[in-house]
Structures are given as C-alpha cells and as structure tokens.
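K.L.:
Questions regarding the structure given below will be posed in turn.
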Amino acid sequence: MPINPFPAYAPPSIVGQSPQIQQIRRMIERVGKSRSPVLILGETGTGKEVAARALHQAEPRGSFIPIDCGSLVGPLMESELFGHAKGAFTGASETKKGLIELANGGTAFFDEIGDLPLELQVKLLRLLQEREYRPVGSLAWHKVDIRVIAATHRNLVQQVERGLFRQDLFYRLNVIALRLPPLRERKEDIPALIERFLAKSSSRYTVTAEALDLLKAYDWPGNVRELQNCLDRMMAVNSGPLLHTQDLASSLINFGLAQRAGKTLVAAATQNAAAIPHPSSRGVVRLVEMERVAIVDALKQTRGDRGMAAYLLGIGRTTLYRKLKEYQIDAVSD
Ligand SMILES: Nc1ncnc2c1ncn2[C@@H]1O[C@H](COP(=O)(O)OP(=O)(O)OP(=O)(O)O)[C@@H](O)[C@H]1O
Ligand SMILES: [Mg+2]
C-alpha cells in the first residue's frame, strides 16, 4: 500500500499572503491546539495535506500518519487500518499493528475521506465517538488517543445525498472545517509560491517579468501542485538562470495541458515565443538566435552527426551538448 507513515522531509510551511491564506493560518493556529476533528476541503492541489501537517505541527504530539483512503480496498483493508490478531484469517501468522495503532498519541490524516468504503466509515465513527477499535479477529477493544484530520476534494454533502457517505460520520468530522480556496481565487500568492519553488533548486533561477505575467494570467486547474510541476519543468528544460516565456510554452505543452489551458496561457506563450525575432525578419539579429541557427544548420549538414557538427562549428562536443539542451534542440532532420 503506497503509504509512507514517516516522511523524511520537514513539513513545508504555508506560503502566501492573500487574505484567504492569512485566515487559514489564523484558523490553524487557533484550532491546532485542540484535539477535535478537522475536515479540510478544497480542489486538488490546493494544499490540503500542507494544511493538515501544519495543524499537527501546531501542537506536535506523536506521529503524523497519512492514510490514503482510496487505497483501502479489498479483503485486507480493515486489517491495514485496525491491524489483526494472530490467526484472524488465512495468512495472518502474526499479530499486526494497523495504521490507527501507529497514529496513537498523534494524528491520523484520512486523505480523500470521501473514498473511504462504507464498512470502514462505520468503524471510523465508532473510533471517533468511543475512542476505541477492535483489530480484525480480536475480541478486545483497544483504547486510543488520536487526533483525526480528514481531507477531500469531493462534495461530501452530495456524497451523503447519494448514500455514499454516512451522514453521522459527516457531522462528526465537520465540527471544524477548513476550506482551501483554489489558486485562481488568490493569484496574489503566485509570486511567493514561485519564489518558494525556485528556492528549492540548487541553481539560482529567476522568472522573467513577462513569464510571471503569464503565470499569473493562467487559471491553474491543478492549483499549487500544477504550478509547482510547471516550474520544475521550466527549470529542467532551461540551463540558464532566467526562465522565459518560451520555457513556459514548452513546459505546458509537454505536460499535455494545452487543451485544458484553452486559449489563455498556451496561446499567449506560443505567440510570445513566435515573437522572438527571426534572423530574416529583422535588421538586427540576437546573438543567441544566430548561434541557434548555426547549430541547427550544422546538424542539418552533418545529418545529425553531433561530433561532426561540433567540429564544423569549432566547438567541443560537450559545449555542443550543453547548447543543444539550452536551446532545446532535440533532433534535426533535413
Ligand atoms: N500554500 C502553500 N505553500 C507551499 N506549498 C504549497 C502550498 N499549497 C500547496 N503547496 C504544495 O503544492 C503541492 C500540493 O499540495 P498538497 O499535496 O497539500 O495538495 P492537496 O490539496 O492535498 O492535493 P490533492 O487533492 O491532489 O491531494 C505540494 O507539493 C505542496 O507542498
Ligand atoms: Mg492530498
């Protein structure tokens, strides 16, 4: 099961100065110290897990155990969560601790709670009400002291109406609700987020003013995660310290986001990329453009033989490889 109860990285703090994020930070400070359940709502990539970790950090006790509810399926799901007694079922040769036992004294983070199977919803409700559970195949009830934080991108009210989510559990979880707004509703956070993501890299990168405008113009359906992926991609394709509009265009297209972005960003980015003066269309040619054209020409002449192209250009192979990367020249055919 893809659960790592002990992530090695330190929890990132919540970046952003928009009124909404400031409000979230205040809420976390206020309710972080209590042990009541918190329900975190928000679209995908808005930072629900970041908020859950910050809640845990507000009063760090015990471990923070993420539980991916979507992966709790099949015959072993109850045992994953609550553990089992020796001999509880075929193959249960030893007593096994479940995730709840690991979270005892700390925080259990039920990620995508909307996907928790109904059978387990009943058991979670009992855990919240009575603070006890029974491992599979065991007769004894185990007492626990756990803080429960749950998150979902789904509309739980609708799930309740459809009979997919227990109403009593919903009420129990919904005592304190944190709603993380989508990134498009707090675009003023974009520059600070970019700064945070660029700072993670060992090289020093800066986004050009033009590229920043485009990053702020985009609607980010995948929210902060999409922004982060986009920047990672821009850094990967660029070898210089400046991240340009062109990198953005290729980054988004490579991510297959062109359709989702509609006309806004990709169109603007591609238009900008096309607006870079081509040698034949202007009196003055930028040196980098001349270099690029010279490299493409050399590769065409040598039918893609890079060693020969480097020789013709009077540069070393390594330099050519670096420049191919820099100019994003993949393969040249005639
Ligand atoms: N306010 C923020 N400050 C810093 N990093 C953030 C912030 N919000 C989100 N992130 C980063 O964006 C990425 C997505 O955040 P997170 O995993 O918390 O989102 P999520 O709401 O749980 O998404 P999903 O619904 O897809 O699970 C993470 O890498 C996280 O570190
Ligand atoms: Mg998440």
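Quick note: the coordinates plus some simple rules give every number you see, no bench work behind them. Bear in mind the structure is a predicted one, so any value in this text is a computation, not a measurement. Because the Cβ atoms are built from the backbone with ideal geometry, glycine has one as well, and the counts that use them run over all protein chains shown.
K.L.:
Could you run the Karplus curve 6.51 cos²θ - 1.76 cosθ + 1.60 with θ = phi - 60° over region 74-89 and give me ³J(HN,Hα) per residue in whole Hz, x for Gly and Pro?
P.N.:
x, x, 9, 4, 5, 5, 4, 7, 10, x, 9, 8, 4, x, 5, 7
K.L.:
Tell me, Tyr205, Tyr218 in order of fewest to most beta-carbon neighbours within 10 Å?
P.N.:
In order of increasing Cβ crowding within 10 Å: Tyr205, Tyr218.
K.L.:
Which net charge results for the neighbourhood of Glu78, defined as the other residues with beta-carbon distances under 12 angstrom from its beta-carbon, given Lys and Arg at +1 and Asp and Glu at -1?
P.N.:
+1
K.L.:
Based on the Kirkwood radius over alpha-carbon pairs, what is the Stokes-Einstein translational diffusion coefficient of region 19-181 at 20 °C with 1.002 mPa s viscosity, in µm²/s?
P.N.:
132 µm²/s
K.L.:
With the cut-off at 29 Å, tell me which of the pairs Lys96/Lys200; Lys33/Lys97; Lys33/Lys123; Lys33/Lys216; Lys123/Lys187 have Cα atoms farther apart than that.
P.N.:
Result: Lys96/Lys200; Lys33/Lys216; Lys123/Lys187 exceed 29 Å.
K.L.:
On to the next question. Hey, got the dipole for region 19-181? About the Cα centre, +1 on K and R Cβ, -1 on D and E Cβ, debye to the nearest 20?
P.N.:
520 debye
K.L.:
Once you list every other residue whose beta carbon is under 15 Å from the beta carbon of Thr319, what net charge do they have if Lys and Arg are +1 and Asp and Glu are -1?
P.N.:
Spelling it out: positives minus negatives among the neighbours equals +4.
K.L.:
Taking neighbour counts of Cβ atoms within 10 Å as a proxy for exposure, in what order, fewest first, do Asp111, Asp168 appear?
P.N.:
Starting with the residue having the fewest Cβ neighbours, the order is Asp168, Asp111.
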